[in-house]
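Trainee: Have a look at this one.
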Amino acid sequence: MGYVEHNLTKNETIVKKADKNPVALVWAWFTGILFCWLLFIPLIKAIKATIAYSRVELAVTNKRVVGRYGIVHTESLDLPLNKVQNVNVKQGMGGKIFNYGTVEISSAAGTMMFGYIKKADAFKNMILAQADQFEEDRMKQQANQMAQAMAGALKG
């Protein structure tokens, strides 16, 4: 059970959990092994990238976007869907070829970036679609409450 599953609230379900693409680590390990004679710095960077990869979690629920990343300095995201202002995807050449990227989620509090996300554009669209669905459901609920209040006032 990961961070996302551990932090679900009452009546909250995971709509989609982001998959990570391990191909993103190939270049780090290639350069790490090839240039390890340079004081082992590239190899250490490859190990750090692998650990960072294993610590990325991101999911969309029916109520919010939840995520966490980081090794020593961990940052977490717990953002209600109606507070999502923008979602961007950044991809390098390898990301375009192997279909992975960094998902940037912006809110009034700032921007958080989650790397190594497989099919990042599809995940971005999932976040935006779920935010629209959340807003639509909220408006329907408000309309039903108002209709019930008006019906109660007409009876009384």
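Trainee: Take the conditions out of contact with any Phe, Trp or Tyr (no Cβ under 7 Å at 6 or more places or on another chain), open to solvent by less than 20 Å² (accessible area, probe 1.4 Å), at pLDDT 85 or above and assigned to a helix (DSSP H, G or I) and apply them to Val4. Does it pass?
Mentor: Yes.
Trainee: Please go through the range 64-92 and pick out each residue that is at pLDDT 90 or above, part of a loop (DSSP other than H, G, I, E, B) and either among the aromatic types (Phe, Trp, Tyr) or under 21 Å from Asp19 (Cβ atoms) (or both).
Mentor: Val84, Gln91, Gly92
Here's the yes/no breakdown for (1) touching an Asp or Glu at 6+ places or on another chain (Cβ under 6 Å); (2) farther than 30 Å from Trp27 by Cα; (3) outside any helix (DSSP H, G or I):
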site: Gly95; (1), (2), (3): no, no, no
site: Ile105; (1), (2), (3): no, no, yes
site: Tyr116; (1), (2), (3): no, no, yes
site: Lys124; (1), (2), (3): no, no, no
site: Gln130; (1), (2), (3): no, yes, no
site: Glu135; (1), (2), (3): no, yes, no
site: Gln141; (1), (2), (3): no, yes, no
site: Gln145; (1), (2), (3): no, yes, no
site: Gly152; (1), (2), (3): no, yes, no
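Trainee: Can you work out which of the residues in the range 31-56 that are at pLDDT 80 or above and open to solvent by 100 Å² or more (accessible area, probe 1.4 Å) is farthest from the chain's Cα centre (by Cα)?
Mentor: The extreme case among them is Ile44.
Trainee: Another one. Against the conditions (1) in a helix (DSSP H, G or I); (2) surrounded by fewer than 17 Cβ atoms within 10 Å (Cβ to Cβ), where does Lys16 fall short? Just the number, please.
Mentor: With respect to (1) in a helix (DSSP H, G or I); (2) surrounded by fewer than 17 Cβ atoms within 10 Å (Cβ to Cβ), Lys16 is out only on (1).
Trainee: Those residues that are in contact (Cβ under 8 Å) with a residue 40 or more places away in the chain and under 23 Å from Ile105 (Cβ atoms), I need them from the range 26-65; list them, please.
Mentor: Result: Ala52, Tyr53, Val56, Glu57, Leu58, Ala59, Val60, Thr61, Asn62, Lys63, Arg64, Val65.
Trainee: Taking Asn88, is it in contact with a Phe, Trp or Tyr (Cβ under 8 Å, 6 or more places away or on another chain), of a type outside the set (A, V, I, L, M) and surrounded by fewer than 16 Cβ atoms within 10 Å (Cβ to Cβ)? Spell out how you get there, then give the answer.
Mentor: Numbers: in contact with a Phe, Trp or Tyr (Cβ under 8 Å, 6 or more places away or on another chain): no; of a type outside the set (A, V, I, L, M): yes; surrounded by fewer than 16 Cβ atoms within 10 Å (Cβ to Cβ): yes.
So Asn88 does not fit the description; no.
Trainee: Taking into account only those residues within the range 98-138 that are open to solvent by 40 Å² or more (accessible area, probe 1.4 Å) and at positive phi, which is farthest from the chain's Cα centre (by Cα)?
Mentor: If we take residues in the range 98-138 being open to solvent by 40 Å² or more (accessible area, probe 1.4 Å) and at positive phi, then Asn99 is farthest from the chain's Cα centre (by Cα).
Trainee: Further, regarding this structure: Tell me, which residue of the range 66-93 that is in contact with a helix residue (DSSP H, G or I) (Cβ under 6 Å, 6 or more places away or on another chain) and in contact (Cβ under 8 Å) with a residue 60 or more places away in the chain is farthest from Leu25 (Cα to Cα)?
Mentor: Selected residue: Val66.
Trainee: Do the conditions hold for Met93, that is, is it hydrophobic (A, V, I, L, M, F, W, C), open to solvent by 50 Å² or more (accessible area, probe 1.4 Å) and in contact with a Ser or Thr (Cβ under 7 Å, 6 or more places away or on another chain)? I'd like the intermediate steps shown before the answer.
Mentor: On the way: hydrophobic (A, V, I, L, M, F, W, C): yes; open to solvent by 50 Å² or more (accessible area, probe 1.4 Å): yes; in contact with a Ser or Thr (Cβ under 7 Å, 6 or more places away or on another chain): no.
No; evaluated as a whole, the condition is false for this residue.
The values are calculated or read from the model by the stated rules, or taken from the named source; none is laboratory data. None of these values were measured; they are calculated from a predicted model. Ideal geometry is used to build each Cβ from the backbone, glycine not excepted, and the neighbour counts take in all protein chains shown. The protein model used for the area step is the full one, side chains on, heavy atoms only, and it has no ligands, DNA or RNA in it. Shrake-Rupley method; radii C 1.70, N 1.55, O 1.52, S 1.80 Å.
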